[in-house]
Ligand code: ADP
Ligand code: ZN
């Protein structure tokens, strides 16, 4: 009798959002037997707390003391929130990146969906219900290159077998049009498309283009309210959306008939999440498409070296759009050697003479200008020339940036701010000197040079105000602004025909960073910015100011030569065994006590070093991170260069105990890291 009851016992495997990468077992009470299914959420006791978990599987037996197994308290969902495909895929993500499955599942759902039980009414986000630009060119005739690309993609779509394409097209070559035509086909055969863009608030034009071409579209927007985000999610969940467009986390969209995933600007680093789970949306997309027999299109004018290499070795199929649409030429790029300018004028100039002259000419013709500098604020440092004092953040190991309007010194990492001192806080003498420059100072200089022109700055100090970014871009689009000055916010996606001059103020500002991707990031950012010029019939030009004009990442921008850049860069990567010729694991340890944190990483490093598998790769020494202190925590890191990802997986999964956080010290495990700071 007793045995019979035991045999008919049903246990559910439950994943709970804890840092432990573990599945817990609970007894399913008889009354719940016909209601419980995989993918539904349940409420369970976890210690003394009641927590929510996902049901991921069942068994009739478990191999520990059944008297200690607790029953499920409640089943939350009427229908499963996640399909078995989604569960398998999120489990893969957790193993690949060495993070808890529960954390991945938690990221997969918008917070409002997690809290609410009932579906919400449909309400379009404001930017879509607002008047949509119906692009005069709804039915463009594709050019030869676009046509070839679309045909290849459509043929793969119809075969319904996994395949990844790398669409390498210069800026303004009509990549977006290729995506749209391919998606039209996908929708025709009753399937869905996910479109990932780097940061949706920065690419309103792209979103509007999609919105004007497809009927059933859902937008996952970082600027949406939590309720709006939940609405959009529900639209997808209830099978009402054919096209889902959004940033990184949109890869978790609960589609049931996925046909294609488009990743626009696939090289963008924002596709990698820099907190746990540290997933890369591109790589997760490829895995998801593989599982669901879907197609992936990675698009970029400057593909990541990883993707370029994968295309070279045949993992991806390369599609090329080597020309701009309507045979428009790429803009002519002039590089200005700022060392020469310094010699000539005996002082540091922000706007070089050739740039100033070019600006005059363009403004006389009533055309528009974009100036780019990837540093906000007024001056990048405040020092005392008397005693050598430098203003630094108390919580972070970084210099404070001077913001003139507020007359404050601000930490760009933690937000700490103080009023700018008149006298040196160390030696009390007057004469604090502000050096280096950011967008505020460029704005000031430009207004001085062109007092009767409308000059507007756009950076994250300005766009803290909701919708301000869109307002400025709309103003610029309607010609109310002559000169737009901005950070990387203006580097992507903007398509304004009247912009005939782009000036890059300090192109090589990031080249010295201790990051093996510094050249790649410089090349792609400067190329993208340059690509904003001359997109209309009037053509255009670019002026790039640099102190290292001979560096190949700058020179190749001038010749629009991605291939030479990539070949050059690949040689360097090979020489030093960096990706794509190796896979990296980065371990960062942080804690409030410097000595303790150092001792802790030393211990971890020793233990990792003693593992047999580590001998198959190269374990680099541990050092303080380039940003050695952040928000009062001291930071140390080490990197393991592995010939393949399976060794990394073995380390982080089999020996995860070594990499566990301890008391107030936190261990971050980063597979395929993007940030090295
Ligand atoms: P990319 O995404 O490669 O930068 P876009 O898709 O934004 O390029 O295209 C650049 C511009 O050219 C857009 O204004 C677009 O509407 C237009 N365009 C795209 N394809 C064609 C075409 N075949 N004929 C004419 N104009 C086109
Ligand atoms: Zn700080």
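Only the coordinates and a few stated rules stand behind these numbers; no lab work does. No experiment lies behind these values; they were computed from the predicted model shown. When we count neighbours, we look across all protein chains shown, and the Cβ atoms used for this are built from the backbone with ideal geometry, even at glycine.
Kirkwood hydrodynamic radius of the chain, from the reciprocal of the average inverse Cα-Cα distance over all distinct pairs: 27.4 Å. Over region 213-293, the alpha carbon radius of gyration divided by the compact-protein estimate 2.2 N^0.38 Å works out to 1.09.
Find the relative contact order for region 583-671 and round it to a whole percent, using C-alpha pairs within less than 8 Å whose residues are 6+ positions apart.
On the way: 143 pairs, mean separation 40.8, N = 89.
Relative contact order comes out at 46 percent.
Between residue 407 and residue 386, the simple label model (points 7 Å from Cα in the Cβ direction) yields a spacing of 2.0 nm.
Length gained on full extension, residue 147 to residue 356: 71.1 nm, using 0.36 nm per residue less the C-alpha separation. Compared with the dominant Cα axis of the chain, that is its longest principal axis, helix 645-654 is turned about 50°.
Between 0 and 90 degrees, the angle of helix 468-477 with respect to the longest Cα principal axis of the chain falls at about 50 degrees. When peptides 323-335, 229-241 are ranked by their average number of other Cβ atoms within 10 Å per residue, the highest-first order is 229-241, 323-335.
If R0 equals 51 Å, the separation of the Cβ atoms of residue 594 and residue 184 corresponds to a calculated FRET efficiency of about 0.30. Helix 518-530 and the long axis of the chain differ in direction by around 60°, with both axes built from C-alpha atoms. The alpha carbon radius of gyration of region 11-114, expressed as a multiple of 2.2 N^0.38 Å, is 1.02. Modelled label positions at residue 612 and residue 238, each set 7 Å beyond Cα in the direction of Cβ, lie 5.7 nm from each other.
Per DSSP H run of at least 4 residues, take -39500 (n - 2.57); add these up for the chain, divide by its residues and hand me the 222 nm value, nearest 500 deg cm²/dmol. Walk me through the numbers on the way to the answer.
Working: 20 runs with 209 residues, N = 677.
It lands at -9000 deg cm²/dmol.
Enter the per residue convex hull volume of region 583-671, computed from alpha-carbon coordinates, in Å³ rounded to the nearest integer.
Measuring per residue, one finds 80 Å³ for the Cα hull of region 583-671.
Computed over region 229-308, relative contact order equals 32 percent, with contacts defined as Cα pairs under 8 Å that lie 6+ residues apart. Were the residues from residue 559 through residue 571 laid out at 0.36 nm apart, the gain over their Cα-Cα distance would be 2.4 nm.
Could you work out the equivalent-ellipsoid semi-axes for region 126-326, taking the square root of 5 times each eigenvalue of the Cα gyration tensor, largest first, in whole Å? Present the calculation step by step, with values, prior to reporting the outcome.
Values: eigenvalues 109, 81, 58 Å².
Computed over region 126-326, the values are 23, 20, 17 Å.
For the chain, relative contact order (Cα pairs under 8 Å, six or more residues apart, normalised by length) works out to 12 percent.
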